[in-house]
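Visitor: Quick one: the structure is below, questions incoming.
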Amino acid sequence: MTRRLAEVAKKVGVSEATVSRVLNGKPGVSEGTRQAVLTALDVLGYERPTQLRGERARLVGLVLPELQNPIFPAFADVVGAALAQQGLTPVLCTQTVGGVSEADYIELLLQHHVSGVVFAGGLYAQADAPHDHYRLLAGRNLPVVLINAAIEDLGFPRISCDDAVAVEQAWRHLSSLGHERIGLLLGPSDHMPSQRKLAAARAAALAAGRELPEEYIGRAMYTLEGGQAAAAKLWERGVTGIICANDPMALGAVRAARRLRLSVPGDVSVVGYDDSAFMTCTEPPLTTVRQPIEAMGRAAVELLALQIAGKTVAPDELLYEPELVVRGTTGTARR
């Protein structure tokens, strides 16, 4: 019992007396501290006292921004299977426009005494978004892993695909085909993966002895329709090849080219990002940069399981190498 008090107190950052008051149902402890102590009991693998036990499984929150983009169901599949192998059950939380927010889901997960949370895309990647719910998780010392780039100073371990390498591969590919007017389709300007992709594209352009014009940079929502609208402007400005921030945007760029009576890849070329499901089934099949979803998802669960077991995990970012997959939407530039 003394060892348990000491471990829980250290995990939460409170005194052993405070932990004892929570375990014995005594007053004089804030609700936030009480919840942090109970979460720490769960994380460290201790059974709660009978009066505090309630109904509880070894649950892990899996928070996704959407399910329409095939990359997120793919991550859910990998992470869910890896959690099951650890004896953990995923609780899928998907945001919807005008529906439950990410912060609301976190409150719900805490009420269900989850053992940890995996985020695969979310507000942590947007500098201008609210982040108080992440700080709440950090204050509770709850195990958390983020998949893909996040803003600085959240203090959680991250598993990311290397955005810079992805753009370098795509840029090199288009350049090798003779494309000089290469454009980018990115997400919002405060989105960390988009910032990384833009920095890499600018570096690649400078390495080729030129700058990346601002009019060659398009921004849109991560949808086919957003990609179509933004790409249409880039095609009209004379861009001959576009590197997109995800596959749906790339499909939108292909549709925009066809609406302008441009052939893909005869007149213009398109490179996607993710290599999500069915990209071999498009016409033509999409050239894209593949995220190593299997490796990233399993690594995220391994890091989470270590934390749940009480091990210290550094809040570092592990970068995974993407792979260019050349298919039918890229071809030699027209002179």
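Visitor: Going through 266, 238 one at a time, which residue ends up being open to solvent by 10 Å² or more (accessible area, probe 1.4 Å), on the phi > 0 side of the Ramachandran plot and out of contact with any Cys (no Cβ under 7 Å at 6 or more places or on another chain)?
Guide: Details: 266 fails: on the phi > 0 side of the Ramachandran plot.
Going through 266, 238 in turn, the sole match is 238.
Visitor: Turning to a different aspect of this structure: Take the conditions outside any helix (DSSP H, G or I), in contact (Cβ under 8 Å) with a residue 40 or more places away in the chain and either open to solvent by 10 Å² or more (accessible area, probe 1.4 Å) or basic (Lys, Arg) (or both) and apply them to residue 211. Does it pass?
Guide: When the stated conditions are applied, residue 211 does not pass them.
Visitor: Also: Any residue at all in the range 71-90 that's under 18 Å from residue 307 (Cα atoms), in a strand (DSSP E or B) and open to solvent by 30 Å² or more (accessible area, probe 1.4 Å)?
Guide: yes
Visitor: For residues that are part of a helix (DSSP H, G or I) and among the hydrophobic types (A, V, I, L, M, F, W, C), scanning just the range 243-261, find the one that is farthest from the chain's Cα centre (by Cα).
Guide: My answer is 257.
Visitor: Just to be sure I understand, how many residues within the range 34-57 are open to solvent by 40 Å² or more (accessible area, probe 1.4 Å), in a helix (DSSP H, G or I) and either at pLDDT 75 or above or touching a helix residue (DSSP H, G or I) at 6+ places or on another chain (Cβ under 8 Å) (or both)? Break it down into steps so the answer makes sense when it comes.
Guide: Narrowing the range 34-57 to residues open to solvent by 40 Å² or more (accessible area, probe 1.4 Å): 34, 44-47, 50-51, 53-57.
Restricting the remaining residues to those that are in a helix (DSSP H, G or I) gives 34, 50-51, 53.
From the residues that got through so far, the ones that are either at pLDDT 75 or above or touching a helix residue (DSSP H, G or I) at 6+ places or on another chain (Cβ under 8 Å) (or both) too are 34.
So the count comes out to 1.
Visitor: Regarding residue 176, is this residue modelled with pLDDT of 95 or more, closer than 30 Å to residue 330 by Cβ, open to solvent by 30 Å² or more (accessible area, probe 1.4 Å) and of a type in the set (Gly, Ala, Ser)?
Guide: Yes: the conditions hold for residue 176.
Visitor: Another one. Please return the ranges of helices (runs of 4 or more DSSP H) entirely within the range 97-191 where 2 or more residues are among the acidic types (Asp, Glu).
Guide: Details: elements: 102-111, 132-139, 163-176.
Fully inside the range 97-191 and qualifying: 102-111, 163-176.
Visitor: Follow-up. Which condition from (1) in a helix (DSSP H, G or I); (2) open to solvent by 10 Å² or more (accessible area, probe 1.4 Å); (3) over 26 Å from residue 224 (Cα atoms) is the one that residue 314 breaks?
Guide: For residue 314, the failing item is (1).
The values are calculated or read from the model by the stated rules, or taken from the named source; none is laboratory data. Worth saying up front: this structure is predicted, and the values here are computed from it rather than measured. Heads up, the Cβs are rebuilt from the backbone with ideal geometry, glycines too, and the neighbour counts pull from every protein chain shown. These area figures cover heavy atoms from the full protein model, side chains too; ligands, DNA and RNA do not enter into them. Shrake-Rupley method; radii C 1.70, N 1.55, O 1.52, S 1.80 Å.
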